[in-house]
Amino acid sequence: MEVAQKTRQRRSRLLLSLIAAAVALTAFGSVGAASADEIGTDEYDYYFAGNVKYDGDPLEDVLIKVSGGGYNAEVVTDAEGKWKIGVPEKEKYDVTLDESTLPAGVIVVEGQATREAEFGLTNSAAVNFFLGEGVRVTVSIFDQFVERFINGINFGLMLALAAIGASLVFGTTGLSNFAHAEMVTFGAIMALVFSVFLPLPLYVAIPIALILSAGFGWALDAALWRPLRRKGVGIVQLMIVSIGLSLALRYVFQYFIGGGTYQLPGSTPDNLELFGSVKLTLTDLLSMGVSILVLLAVAFWLLRTRIGKATRAISDNASLASASGIDVDRVIRIVWILGAALAGLSGILWAYFRPGIKWDMGASILLLIFAAITLGGLGTAFGALIGSIVVGLLVEVSTLWIPSDLKYVGALVVLILVLLVRPQGILGRRERIG
Amino acid sequence: MDWGTILSNTAAWLISPETIAYALAALGLAIHFGYTGLLNFGQAGFMAIGAYGYAISILSFDLPWWVGIIVGILGSVVFAFLLGIPTLRLRADYLAIVTIAAAEIVRLLFTTQAFDEYTNSADGLGNYHAGFRAANPFTFEGSVGFGPWVYNANQWWVRLFGILLVVVAALIVWALMRSPWGRVIKGIREDEDAVRALGKNVFAYKMQSLIIGGIFGALGGVVMALPSAVVPSVYVTSLTFFLYTILLLGGAATVFGPIVGSIIFWVIMAFLSNVLPALVQVGALPFMTTIQAGVLRYILVGVALMLIVIFRPQGIFGNKKELTFVK
């Protein structure tokens, strides 16, 4: 199976390759009919015409097809890159440029290789394709799979940073925190504020953003969640409070940064070729490295330090932990701080992966975070890690078979299916599902 | 500032199709959450299915408008089964996450390019009004009404039809909740195990509740589609959150709560969307732009939702004893 793949448009150098004015073509047509390679222009009154050029040079023998209304015709361009196809009706037709007849390394960069063309007031219409340097490599399905797989791992690791915090909060307090998504956005926006609006160098801005994220988590716990815990508010009520908080914060972000998309500085567009046609940017590699290091540190913290062990003890049984002399409130405070810092980091990395920062960016992965922690087993930190990587892989790899605007659907469907057969998730314990 | 225009624009929202649609969907949510204790966060999905079921039946299959409504209802019943079978045995917060995920799946399926032929993807659907308007009992020309409520025949017909649906739905909820069925439903909310111990099939009752509330959601979607168009970006998770705000504002386990909640919600939203930009323009709020003034009201919705849940979880009409949130 061969699949044509194009490089991302923002990276390809756009070359305006065709300037074909209908006026010029009609002039040619009246002088010498043979100047453009033509078909059907004698039989029909209406025709499409164009001029295929790349970087100023005409391209010969490029196949152009017209279809529509039961009529089909095709023609190849002449030595000057010109073509002309007559059509029977003054209607819409699909005009296709066969990309496999272009020279190697040249593709249609703007729009599709097939486009809908229609006539204006005249009997002729110019149809031009913008060609550019690009990779229309026919990538083997295996190479594509590897590339999506690596992207999926990258996305999964980012998701894990956010999901572990949400999962620890759920484990220690029972709260499904819908506002966790806004902590992700908060980290990204703080990085934006300090690296673009102020502007400080990135290696200063990102630590500041992380510290502020951690402080944000602490503030939310101190101002909102701890008083509510003291008040003994039920978990469903807490969940709806977190929804209100999520809405309020999301629109506060929009209030300050508006509805547009911002970019963080320092993204490297250069591709590192790994093997075959698999490429990664330096940013991708760095992002994966940071994620893995931080996740290892969190794992060490959970398994080897006193506070980490206390956290797991509270997740298992809060009253027993409290009775054994663990200061539950303090641990929960630390979990909020840690969770918010991790979410903030995930937001910054995700801003490079998406790419871009937007007021509702966190909300768009909230469900994937929930899917990840539910898949892994609610309240288990390592379950959240496994669940995130599964979700990340599903989202990226599934685009091999399903349209990319449906890529989140795959992950969500799997979430529902898993709940059917194993409601407690991958690492969860039976008793949690009640 | 032109207070006359502001107040008249605000008053128009008392009977706007949006207000009616939200009231219907919130009534459905009252059955789910208020009476049965089901945390359905997928009401936007039910509404989307109602709206698209109606529009696609008319546009793609040339069915009469009332068949379109029935298709929307059947679609929501199927959706309720798909949603309920895997999740109704699970704990409340699982249901919340699965329903919200399912509603997003529905929205993404309606938005994707893959089914463009039927759904027109992100652009949404329109121009399906002929059948509904032909059934209009009003025959007057031009606009009729008084005060801020001056509408033409088609606009009145949409409002009349919507209000009729709300009245019928409210009667159904009222009758159901004083029936033995309603007592079982409320029993499930209070203590599922006790009801099971009495020999009731809790799963079946929850499923029935999910279906009935889902049908109301679908009807809300139809009313939303009646006046203008079906746009997929409306049916996002925020829609469900707004419905929860409405429901909790009015009172979750009440018949009138969702209706009055919807009216209050939309009237306040309309008032703010008129008054805030006006205040900015006369320079009373020097620190914000008119765009920011538009965003401010959504911040207030979020804050209001938090305050209601913390300080008055039973809402305006509710009885505190009636609302035991699932612990």
How many angstrom lie between the C-alpha centres of the range A:136-201 and the range B:123-181?
-> 45 Å
Proximal lysines relative to B:LYS206, as straight alpha-carbon distance under 28 Å, when same-chain residues fewer than 8 apart are discounted = B:LYS186, B:LYS320, B:LYS321, B:LYS327
Checking rank on A:409-415, A:194-200, with mean other Cβ inside 10 Å and highest first, the result is A:409-415, A:194-200
Taking each residue of B:34-42 in turn, how many C-beta atoms of other protein chains fall within 10 Å of its C-beta, and what is the average?
-> 1
Work out which helices of chain A, taken as complete DSSP H runs, extend at least 30 Å along their axis over the Cα atoms and score a mean Kyte-Doolittle of -1.0 or more, then list them.
-> A:141-173, A:235-257, A:282-304, A:328-353
Provide the per-residue ³J(HN,Hα) series for the range B:227-244, in order, calculated from phi with Karplus coefficients 6.51, -1.76, 1.60 and θ = phi - 60°, each as a whole number of Hz, with x at glycine and proline positions.
-> x, 9, 8, 10, 10, x, 6, 6, 8, 7, 4, 4, 4, 4, 5, 4, 4, 5
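Taking 25 Å as R0, compute the FRET efficiency from the Cβ-Cβ separation of A:LEU272 and A:PHE145 and round it to 0.05. Show your work: numbers first, answer last.
Details: r = 19 Å, r/R0 = 0.76.
About 0.85, to the nearest 0.05.
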Taking placed amide H atoms and a strict 5 Å upper bound, the residues 5 or more places from A:VAL87 or on another chain that come that close are A:TYR46, A:TYR47, A:PHE48
Across the residues of B:99-112, average count of Cβ atoms on other protein chains within 10 Å?
-> 4
Hz values of 3J(HN,Hα) by residue in the range B:84-95 - Karplus curve (6.51, -1.76, 1.60), Gly and Pro given as x | x, 4, x, 10, 5, 7, 8, 6, 4, 6, 5, 4
Give, as a single signed number, the net charge of other residues whose beta carbon lies under 13 Å from the beta carbon of A:THR96, with Lys and Arg counted +1 and Asp and Glu -1.
-> -3
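Order by neighbour count: B:ILE15, A:ILE348, fewest other Cβ atoms within 10 Å first, most last.
Numbers: B:ILE15 19, A:ILE348 28.
Starting with the residue having the fewest Cβ neighbours, the order is B:ILE15, A:ILE348.
Within a 10 angstrom radius of each residue's Cβ in A:228-239, how many Cβ atoms of other chains show up on average? Whole number is fine.
Working: counts 3, 0, 0, 1, 1, 4, 6, 5, 12, 8, 3, 8.
Counting other chains' Cβ atoms within 10 Å and averaging over A:228-239 gives 4.
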The protein assembly as shown: Rg/Rh from Cα coordinates, Kirkwood Rh?
-> 1.01
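May I ask you to derive the relative contact order of the range A:140-433, considering only C-alpha pairs under 8 Å and at least 6 residues apart, and to give it as an integer percent? Working shown, then result.
Working: 461 pairs, mean separation 105.8, N = 294.
That works out to 36 percent.
What order do you get for B:272-283, B:131-142, B:66-77, B:252-263 when each peptide is scored by the mean count of other beta carbon atoms within 10 Å, highest first? Before the final figure, lay out each step's value.
On the way: B:272-283: 16.4, B:131-142: 11.4, B:66-77: 20.8, B:252-263: 25.2.
Packing proxy ranking, top to bottom: B:252-263, B:66-77, B:272-283, B:131-142.
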Per residue, what volume in Å³ does the Cα convex hull of the range A:140-433 take up?
-> 133 Å³
The protein assembly as shown, dipole about Cα centre (Lys/Arg Cβ +1, Asp/Glu Cβ -1), debye to the nearest 20 = 4660 debye
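The numbers here are math on the coordinates, done by the rules we state, and not lab data. Please read all numbers here as calculations on a predicted model, not as lab measurements. FYI the Cβ positions are ideal-geometry reconstructions off the backbone, even for glycines, and counts take in every protein chain you see.
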